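The next block holds one structure in the form of structure tokens; read it before the comments.
The values are calculated or read from the model by the stated rules, or taken from the named source; none is laboratory data. Values in this document were obtained by computation on a predicted structure and should not be read as measured data. We place every Cβ from the backbone using ideal geometry, glycine too, and count neighbours over all the protein chains shown. Protein only, heavy atoms only, side chains kept; ligands, DNA and RNA dropped before computing areas. Shrake-Rupley method; radii C 1.70, N 1.55, O 1.52, S 1.80 Å.
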Amino acid sequence: RRRSTGHRFNASHSLSSPGSSKQVNRTIPIHRLANNQDVLKEPEDNQGDWISISFTMSLFTHVLACFFGIGSWVAINGMWVELPLIVPAIPEGWFLPSYLTIIIQMANIGPLFITLMHCFKPGVLDERPVIYTIVTIGIVATFLLAFFWEHSVTFGDGEHSAPLLCLSFLLSVVDCTSSVTFLPFMMRLQPRYLTSYFIGEGLSGLVPALVALIQGVGVVHCKNMSANANFSMGNSSLGHEGELQAYYQPANFSTQGFFLFLSAMMVVCLCAFVLLNLHPAVAREQKSKGYADHSQRGEIIDISKSSNCEIPEQRPMLNLRDDTLMKEQGTFGKRIYSRTEMVLIFMVLAWVNALTNAVLPSVQTYSCLPYGNQAYHLAATLSSVANPVACFIAMFAPIRSLALMGILTVTGSGFGAYIMATAVMSPCPPLINHELGAALMVMAWVLFVLCLSYVKVIIGLILRDEGHSALVWCGAVVQLGSMLGALSMFPLISVYGLFQSGQPCNTKCPK
């Protein structure tokens, strides 16, 4: 290897075979990088092979980022969809959802610790050991749930599902902490892989829902006690012929098998993280130019000469020093968005996550079940599909427009207002005796999730351009919004009983 003082030069080596005096000179172009390192350029006759290999490795990294994102919330999402099978077998009964809500909010101690460390000790905490720890805890906790979820302990005033509640708390810590560690880790990869991570994060809700659907969770049949006839659940009633009684279809496989599946998904997440962190093929996809995308911002910062180097921490968000550098560079050390715009972005982020993660999911049964079991399952499944679809669209249309963010936020909030209105009017919402009512409810849920999921991706791309510290605060605000939404809905549902649900088979409303 040779160095030159020019931008490019040719190096020739002689190749000779035994017994031959002929020498073959081969010219290999050498390019000088910005960091004064010379690298060999691939021969032109092999460029096609190199392009093919590069595409394969890029696709491989996209898949790994997606699997990594699936592990972010798959455990807690799996707990929620499995509730219809868990509740009848434990002493807490249907108080368990309320307990889970409180447990998840208590678990925000994990994100709080990470955020405070980045705020007051920037650069001290490396997220990679934290990710290894929490994902391993998730694997162990879901595996133990498969064997101990039914066990109860007698203390105080009666029996309690202590193993289930304790392990649920551990899983909540894992998933909540992932919001402030997984996203900052994605800063180590090139910007295009962030959308793949968001797709995986959306699949963390869809995959458990589809598995629960295959399992047959919550499938209800209405049986006429007098005529002994089976009907699929809808809004039909027999009036004078007799009342219908709800029968839940037995599950196709056990709850133990479902928790083992969740444990396997956490193992997949860990394997994807190990490969993203250590695999040589992924090393070339790691950023070596800092946190700014030079193709968009015209800024190149050489922070690394190897794939395993430490990425420096960005300036803390709350650093309010009035020096010249901060005035020039803005909130996160980038000259991109003003402080007012960043406050607006974080407010929208908190609002969107409060709606999608807490407020509207807590009333989904009240808004959908009056229109029938089929409408409820369609709304739950298709809205879960809408999340990764929005992220997939963003992969080909990565728009960073504050105007579009505002339009989609208002539109999605409008659909959310319609959903909330029908939940308040439950068990007799509008158009309950018309097929159009069920269709509108399913469409409202799909469009609500689609719009606000795209808003999340827009904000993620904006904050990713702002740097590592911005993504840490992104995760913290996500958890803050979700917590405020959950705490606001808990008393309305569990204490004051503002929402009422009809019986699965015998709800009668005026036509």
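Summary table below
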{"quantity": "Accessible area per residue in Å² at 1.4 Å probe, computed on the stretch 334-510", "calculated": "41 Å²"}
{"quantity": "Furthest towards positive pole of dipole, Trp473, Ile458, Met425, structure part the stretch 353-511, Cβ charges", "calculated": "Met425"}
{"quantity": "Surface accessible to a 1.4 Å probe, Lys508 within the full protein complex, Å²", "calculated": "120 Å²"}
{"quantity": "Computed accessible area, Glu201, all protein chains, 1.4 angstrom probe, square angstrom", "calculated": "60 Å²"}
{"quantity": "Computed magnitude of the charge dipole of the stretch 334-510 (debye, nearest 20; Cβ of K, R +1, Cβ of D, E -1)", "calculated": "280 debye"}
{"quantity": "Anisotropy class of the stretch 334-510 from Cα gyration tensor, a/c 1.5 cut", "calculated": "prolate"}
{"quantity": "Carbon/sulfur fraction of accessible area - the stretch 334-510, other protein chains in place, 1.4 Å, %", "calculated": "72 percent"}
{"quantity": "Highest-first arrangement of 396-407, 160-171, where packing means the average Cβ count within 10 Å", "calculated": "160-171, 396-407"}
{"quantity": "For peptides 133-141, 67-75, 410-418, sequence by mean Cβ density within 10 Å, most packed first", "calculated": "67-75, 133-141, 410-418"}
{"quantity": "The stretch 129-232 - percent of accessible surface contributed by carbon and sulfur, probe 1.4 Å", "calculated": "69 percent"}
{"quantity": "Rounded if a/c under 1.5, otherwise prolate or oblate - the stretch 98-138, Cα gyration tensor axes", "calculated": "oblate"}
{"quantity": "Contour excess over end-to-end distance, with Cα ends at Thr340 and Leu112 and 0.36 nm allotted per residue", "calculated": "79.7 nm"}
